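The values are calculated or read from the model by the stated rules, or taken from the named source; none is laboratory data. Given the structure is predicted, the values throughout are model-derived calculations rather than measurements. Glycine gets a Cβ as well: all are built from the backbone with ideal geometry, and neighbour counts include every protein chain shown. Only protein heavy atoms, including side chains, enter the accessible area calculation; ligands, DNA and RNA are left aside. Shrake-Rupley method; radii C 1.70, N 1.55, O 1.52, S 1.80 Å.
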Amino acid sequence: MSFIQSLIKYPKLYLSGFILISFFFIPGLVNLSINKDILSSYFDADHPKYSRYLQILDEFDHQDPLLLAIDGNDDNVEDLLFEIDGISEVVKAEPKIYLVYLSHNFNPQKTDLFQKINHYLKDKGYHLLGLPIIQYEIVNLINKTLKVLAPICAGLILILLYIFTRSLVLSILPIIVVLFSIIVTLGLAGFLGFSLTGMTMGIPQILLAIGVCDSLHIISSYKQTPHRIKQVLKKNLIPTFITSMTTSLSFITFAFSSVKAVSELGILCAFGSLVAWLFTFIFIGPCLTFLNFKKNKTLHFKLNSQVSVQLLEKFKYSILFGFMGLFVVGLWASSQLNVGLDVTKSFDSKMRISKDMMFFKEKYKISSLRTYFIDCNDINCMVQAGNIFKLKEFVEKLQNLEGVNKIQSQLDLYSVSGKELFGENFFWSYEQLDEISSLIELQSGHGVGLLSANKSKAQINVFLEESNLNWGMELDEKVKSLTTLKVESLSSPALIGLIEKEIIPQLIQSVSLTILGIAILLFILFKSFSTALLALIPNIATLLLTSIVFYMANISISISTMIVWCICMGVAVDDTIHFIYYYLKARREGKSIVENIQYIYNHIGRALVCTTIILVFGFGSAMFSDYRPSWEAGLTLSLAMIFALIADLILLPAILLINKPQRNHYVYTKKKK
């Protein structure tokens, strides 16, 4: 007995299995947590750079500093800040600008830290910049995505399904499939110890968009022949399985990434894609056996196949040359894309964090803060006069580098202490520095956080006019060449820049592996190398057209854009597979090329258009996010789905018409026999 026959014969058994599988994963879903730390979501604990970063923070007993600027009177600001739990150090960098340090093990996400800062300082007018506030806003956006955007996405898709099916029951079935697929996928995440991060928060929307498509193909076929459920399921089994495999393949290539969040995204989305396909058949298949659907309720929407093919035949060369021109533009655009991430541009301009970033940039010419650590390996070595002179020479050279606005280090503490002790007679002599150092060794509190507990390391905070991570990494290399002291760039921007540097080549490899894997699957499906290559043409076109969108929207190559490319390749090929599958089916029935294309337009044209519209709205719902990488992904994925549909319904038929054989091979063989 085949799988389809068993679905028809034992529908209640499969529905019970569907429910049991879903309930099995609920405990994992309950245990799923949100990771509120950007760096720990990117790095494994044993990563050399990250573990060194944690070690340094432990020695200094504070996190990356939070930059605070005051508009009004800044009297008693330090005293007010020290009343807030979690703040371990406050250093005045210059008038009305403070560096606020949080205790190393303090988690601002689990407290009302920023609400208290607002309570104490709102009358003075304040602005914040730094990783702690960025993490706080990202977590808020994750919560907003899960609570608001995912339901909006589900609602839009439900409305579209009702418009396409004109049946409330047939509209709800795909939503049930996807919702239970999301439960199982996130439940697996909980069982595996994964957590929701800024990267994986889009999984519900991704599965909502791609999980509905297989259901819609089945429902579309069912509406044409509602009395032939077995044939409906059988003819959609192979093409939907292959499309789910290609989608899963595009995600599984991420699983080998060294970035934890990307790897988890790949594993979960690949698993979720296959679960959605399985649930489509074991839930919708049995449900259809209980329905008494009347064919006359169908939505009367059909592509005019005869007119369409006539136009394609007339303009086939124009279409081909037009797309070839776009290919050239796409290649050029992809070569012009910038590489790198600017964290300050990750949020909507209307958000307070964006306004604060703009305030620092316009008023103080500060776009980011980068931290360097000087390590001389011996206890108290950073309060020895010889190393202080080396540090002073290093800071002077650093100040002269392009893009450096201001530097804050232990030298500021020495300068203030020296003037208090020696007045105008302070001129940085060895004796004076030794006397100041002897006092600092006994001090704790204001300003001493720039030295580690054993005084073997010093922290230097550099205020920069640029925020691009690639530029920051270039600065790191210049900084290390300015002194004989051991300099380490271990701030969060440096680590995020390292991630970008490591992940881009990996994701380029993922795109290449996705294309290769899809080509192999197509070759296995169609048993023809030329057909597999033909099926890749519309999808390569989609990638190149997406590059044009990146260029026009000034979107840089980063983790999110590379992931978009892989998703584009995996999802966009789905319509091509359905097109080629039915094209070969029509050829085996002895139809000519023109008849083949008309057959495809008549039988699956509406389903292809409907699934594309759902994908556009599903992915496009991410454009409601205030998190710019999500907005960019929603925009490019939506346009990519439109490009893919145009390529499948216009470019692919035009190529087939240009290569139209003189006779139908299948008909000729039949007559010869």
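Nonpolar atom fraction for the chain, defined as the carbon and sulfur part of the 1.4 Å probe accessible area, stands at 59 percent. Across segment 1-157, Cα-Cα pairs more than 20 Å apart make up 66 percent of the total. Rolling a 1.4 Å probe across all protein chains gives Val329 an accessible area of roughly 70 Å². Remark: segment 482-579 carries 33 Å² of accessible area per residue (probe radius 1.4 Å; ligands, DNA and RNA excluded). The length gained on full extension between Ile642 and Ile238, counted as 0.36 nm times the residue separation minus their Cα-Cα distance, comes to 143.0 nm.
The aspartates and glutamates whose alpha-carbon is closer than 13 Å to the alpha-carbon of Lys235, local same-chain residues fewer than 8 away aside, are Asp214. Here is the tail figure for segment 159-214: Cα pairs spaced more than 16 Å apart come to 49 percent of all pairs.
Computed over the alpha-carbon atoms, segment 1-93 gives an Rg to Rh ratio of 1.38, Rh here being the Kirkwood radius from the mean inverse distance.
Taking one quarter of the surface of the C-alpha convex hull of segment 149-258 gives a mean projected area of 8.0 nm². As a rough guide to protection, the peptides 200-209, 645-654 ranked by mean Cβ packing within 10 Å, highest first, stand as 200-209, 645-654. For segment 1-160, the tally of Lys pairs with Cα-Cα distances below 17 Å comes to 8, considering only residues 8 or more apart or on different chains. A crude spin-label estimate for the pair Asp378 and Ser429, with each label 7 Å from Cα along the Cβ direction, gives 2.4 nm. For the set Cys568, Cys287, the ranking by accessible area, highest first and with no ligand, DNA or RNA atoms included, is Cys287, Cys568 under a 1.4 Å probe.
Here the chain is described by how far its Cα atoms reach on the three principal axes: 109, 51, 42 Å, from widest to narrowest.
With the largest listed first and rounded to whole Å, the semi-axes of the equivalent ellipsoid of segment 348-389 from the Cα gyration tensor are 39, 11, 6.
Taking every Cα-Cα distance in segment 493-628 and sorting them into 5 Å bins from zero, the calculated P(r) comes out as 2, 9, 14, 18, 18, 15, 10, 7, 4, 2, 1, 0, 0 percent. When the Cα atoms of segment 526-591 are aligned to their principal axes, the ranges along those axes come out at 49, 19, 17 Å in descending order. Note on segment 303-424: the alpha carbon radius of gyration divided by the globular reference 2.2 N^0.38 Å gives 2.16. Each of Ser438, Ser456 has its accessible area taken with a 1.4 Å probe; listed largest first, they run Ser438, Ser456.
The stretch between Met623 and Leu485 holds 44.9 nm of extra length on full extension. This uses 0.36 nm per residue minus the Cα-Cα distance.
Under the simplified labelling scheme, the Val30-Phe327 pair shows an inter-label distance of 5.6 nm, with each label point 7 Å from Cα along Cα→Cβ. Computed over the Cα atoms of segment 374-503, the ratio of the radius of gyration to the Kirkwood radius (Rg/Rh) comes to 1.00. Each residue, Asp85 and Gln231, gets one label point 7 Å from its Cα in the Cβ direction; the gap between the two is 7.0 nm. For segment 1-149, the solvent-accessible area works out to 47 Å² per residue, with a probe of 1.4 Å and every protein chain left in place. Ligands, DNA and RNA aside, Thr531 has an accessible area near 20 Å² when probed at 1.4 Å.
The gain in end-to-end length when the Asp61 to Glu477 segment is fully stretched comes to 147.1 nm, 0.36 nm per residue minus the alpha carbon separation.
Looking at segment 208-273, the accessible area is 28 square angstrom per residue; that uses a 1.4 Å probe and ignores ligands, DNA and RNA. For a Förster distance of 56 Å, can you work out the FRET efficiency between the beta-carbons of Phe359 and Phe389, rounded to the nearest 0.05? The formula returns an efficiency of 0.95 here.
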